[in-house]
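Here, each number is a calculation from the coordinates, and none is a lab measurement. It should be emphasised that the depicted structure is a prediction, and the values quoted were computed from it without experimental measurement. All Cβ positions, glycine included, derive from the backbone under ideal geometry; neighbour counts span all protein chains shown.
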Amino acid sequence: MAAPNSMGFAKPPEATRIVVAMSGGVDSSVVAALLKSQGYDVVGLTMQLYDHGAMTAKSKTCCAGQDIYDARRVADMIGFPHYVVDYETTFKADVMDRFADGYIHGETPVPCVLCNQTVKFRDLLKAAKDLGADALATGHYVQRIAAPGGAELHCAADPDRDQSYFLFTTTHAQLDFVRFPLGGMNKSETRALATKFGLHIAAKPDSQDICFVPTGDYAAVIKKLRPEAARGGEIVHVDGRVLGKHDGIIHFTVGQRRGLGIGGEADPLYVVRIEPEAARVIVGAKETLLRDAFALHGVNWLGAGNTPPSDGAQVRVKLRNTHAPIAATVFGAGEGAAKVALAAPEAAVTPGQACVFYEGNRVLGGGWIARDTAPAQLPHNLRRQAVATR
Amino acid sequence: MCPAAGDTLSYLDYNASTPVLAEVASAVSAAIGRYGNPSSVHAAGRRARAAVEEAREAVAAMAKARPQDVIFTSGATESNALALRGLAHKGALASAVEHPSILAHNPEVIAVDGDGVIDLAALELILQQRKAPMLVALMFANNETGVLQPITQAVEVARKYGALVHCDAVQAPGKVALDMRAMGVDSLALSAHKFGGLKGAGALVLRPGLDLTPDTLGGGQERRRRAGTENVTGIVGFGAAAVAVPRLLAEAARIAGLRATLETGLRAAAPNARIYAETWPRLPNTTCLALPGVASETQLMRLDLAGIAVSAGSACSSGKIAPSHVLLAMGVAPDEAKSAIRVSLGWENGEKDVSRFLAAWQPLASSAAA
């Protein structure tokens, strides 16, 4: 039997079909050009996710954004087939609506994770299989390392580029089929390859923020998706005092300090909790933000066994993409649920964000941070009755 | 595997565009040398003008019209726009299955039946209600299903109410006999690249004596009905293709035979596949079929990777495929319409193309059945 090729298949690259998820950006374009240069049977797929014209409020623009044109130009120039697949309906239901609903429920969602979990690694992966592909390659900066017990997910070689936080939902079955050819590179190596391959997008800026919020005004997008979201309410101190009014909880994030519009308090105030039912934003001094334990739902576990052990696993966790991992213990708590105990209290435990588990550089999965259910400092009459974990 | 260079492509998308005929290519090569402006008085200009006029005569003869009634345009989209803007002064009606270049002008829409054929009673009812003489736009043959419309009957109805009839006939030349006089229509839209000519050349042909308000203003070209320097090479190719039409028509019976083989094979491979307007008179080359459960885009990609070119619905410039407005107008459920593709055969196709299509399509049919 022949030695495996660079994608891990024991056959020549020409006989190995790799579907490349092409966004039109530098990274995925380099993946496609690189694999093509290695002789693989490359097929590019670009997802049409939302009506670009509608999102930028320019009714006369085409349904396609510049990115689709860029991906197609790269495919034409390098010389491999490229298609656009229409996932507008599923992207709206699985990513945009859930993004809006997250804010409406007082959370701060991470839509990029939802997109990887649904349209990319569920729908696009199926499309790749339908086209007879051996694997789906993406431009993500993470590493897939083959191991005796199955493929493992590891952080990118370049910590500045690491995107593992956004891929915590990747399952064993998906890991089996996907490839991340850029995981061992840094961005300057990728850009150098783009120049070497003569890609017209070599100098294209990295995409920023959330693709369907091109202007950065996420609240406007939420109001468009869910007009009822613009419901004003009170800003309440943890001690029960009503400090002011706000024009919608969707404008707030737990841990936020700026933009509360409140003066005259001795200490700076932070958003401690959001109460969607009463449309109330609870604020307090910095120490009221501290948490050392919280619950997770939607847990994906990539360590030994199918779930985190009920007696706890020592891991390091990231509570935001930009944060350094901190020591914690994760306890399995039934179907898709877990509890996390931090070694030291943290002020950035934000409902709706992901809590991703690491063991060294290896990703062990993660889960969604659930809303606080038993706030200690809150007077009894302000406590929420019962909160179902979403 | 991708078809390697040199591997032949089975091109089964003639309703979208066709190969350029050899005689068109040679006529166009010669015309490239006629660089003069047809409006110039000097010898170079006269040579270019002579080429344009020769093509005009060929196109007129092909459509059974007079040369002076042929207005050259950039293609059928412009021809349709010129008719709807220049003839429909009191408003327009159009069948629900017209091309987007008609429907984009917001005509009042006339329903079609399950085969996509215009409802003549509905047409008459609307014409009765309107006091002013309207323009009725009705295509010769539908580009997606191949369905032929009852043009002469529609003209009879329209005449009773003083209405004009514009016919988008882009799919007719080389596939079925075309006779503008016998049809009795007031205007006809044509496009060169649908029967062996080049893209970028088309015509609006008028009934003798019909007045038209020009849309593109400027110079006095095309008898002041369409300003702008003529696309000499495109027009010359259009003329050469028009001359070749009898030869293309002689292929129609053979192509109809290929389609019969194709449709027999489709039914055998997938009993649940649906062939639209199967029993209504259609263009001899067109099959529109749905394979419920397999999205059009999946079929298109799989066939393309196997070296077979077909199409589906109307693609946005992104490449995204929307369900066909033609099938929806015929009452097809949206889910089924999303699984429809169009196969349109032509003169370079043979048995091998049909068997290659069936071999590549069969696994899709089995996956749908699984």
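For chain A, the alpha-carbon radius of gyration amounts to 1.06 times the rule-of-thumb value 2.2 N^0.38 Å expected for a compact globular protein. Cut-off 16 Å, label point 7 angstrom out along Cα-to-Cβ of B:ALA260: give me the residues of the range B:338-356 whose amide nitrogen falls inside. So the set is B:351.
Legend: mean number of C-beta atoms from other chains within 10 angstrom of residue C-beta atoms, peptide A:81-87, equals 6.
Remark: mean inter-chain Cβ contacts per residue of B:296-305 equal 4, using a 10 Å Cβ-Cβ cutoff to other protein chain atoms. Sorted fewest first by neighbouring Cβ atoms within 10 angstrom, A:THR288, B:THR8 come out as B:THR8, A:THR288. Counted by neighbouring Cβ atoms within 10 Å, the residues B:HIS193, B:HIS42 run from fewest to most as B:HIS42, B:HIS193.
Taking only the alpha carbons of the range A:13-196, we obtain Rg and Dmax values of 16.5, 54 Å in that order. Here the contact order of the range A:74-159, divided by its residue count and restricted to Cα pairs under 8 Å and six or more residues apart, works out to 15 percent.
Remark: the range A:290-369 is approximated by an ellipsoid whose semi-axes, taken from the C-alpha gyration tensor as √(5λ), come to 17, 13, 12 Å, largest first.
The modelled label-to-label distance between A:ALA3 and A:THR215, using points 7 Å beyond Cα along the C-beta direction, is 5.6 nm. Largest first and in whole Å, the equivalent-ellipsoid semi-axes of the range B:196-277 read 41, 17, 13, each the square root of five times a Cα gyration tensor eigenvalue.
Expressed per residue, the C-alpha convex hull volume of the range B:194-345 stands at 187 Å³. When you restrict to C-alpha pairs under 8 Å that are six or more residues apart and normalise by the size of chain A, the relative contact order lands at 14 percent.
The order of A:LYS245, A:LYS318, going from fewest to most other C-beta atoms within 10 Å of their C-beta, is A:LYS245, A:LYS318.
Other protein chain C-beta atoms within 10 Å of residue C-beta, averaged over B:175-184: 0.
Taken over the alpha carbons of the range B:69-169 as equal point scatterers, the Debye sum produces base-10 log I(q)/I(0) values at 0.22 Å⁻¹ of -1.18.
Scanning chain A for GluC sites (Glu not before Pro) in DSSP loops with at most 14 neighbouring Cβ atoms within 10 Å leaves A:1-264 as the longest stretch between them. Counting only aspartates and glutamates at least 8 places from A:LYS129 when in the same chain, those with an alpha carbon closer than 13 Å to its own are A:ASP176.
Note on B:ASP119 and B:ALA333: the model spin-label points, each 7 Å out from Cα along the C-beta direction, lie 2.2 nm apart.
Can you work out the FRET efficiency for the pair B:GLN128 and B:ASP211, with r the C-beta to C-beta distance and R0 = 22 Å, to the nearest 0.05? The computed FRET efficiency comes out at 0.30. Computed from Cα atoms, the angle from the helix B:296-305 axis to the main principal axis of chain B rounds to 90 degrees. Volume per residue for chain B equals 136 cubic angstrom (convex hull of Cα atoms). Calculated FRET efficiency, A:ARG257 to A:LYS129, Cβ-Cβ distance, R0 = 35 Å: about 0.15 to the nearest 0.05.
The share of alpha-carbon pairs in the protein assembly as shown lying farther apart than 40 Å comes to 48%. When you work out D = kT/(6 pi eta Rh) for the range A:231-288 at 37 °C and 0.692 mPa s, using the Kirkwood radius from C-alpha pairs as Rh and the Stokes-Einstein form, the result is 296 µm²/s. Once the mean of 1/r is taken over each pair of separate Cα atoms and inverted, the range A:138-265 shows a Kirkwood hydrodynamic radius of 19.0 Å.
Got a sec? Charge dipole of the protein assembly as shown, +1 on Cβ for Lys and Arg, -1 for Asp and Glu; which of B:SER296, A:CYS112, B:GLY202 is way out at the positive end? Most positive-ward Cα: B:GLY202. Straight-line cross-link partners of B:LYS194 among the lysines, defined as a Cα under 28 Å from its Cα and at least 8 positions apart when in the same chain: B:LYS64, B:LYS175, B:LYS320, B:LYS338, B:LYS352. Of all segments of chain B bounded by GluC sites (Glu not before Pro) found in a DSSP loop with no more than 16 other C-beta atoms within 10 Å, the longest spans B:1-277.
Projecting label points 7 angstrom from Cα along Cα→Cβ for B:ILE275 and A:GLU335 puts them 4.9 nm apart.
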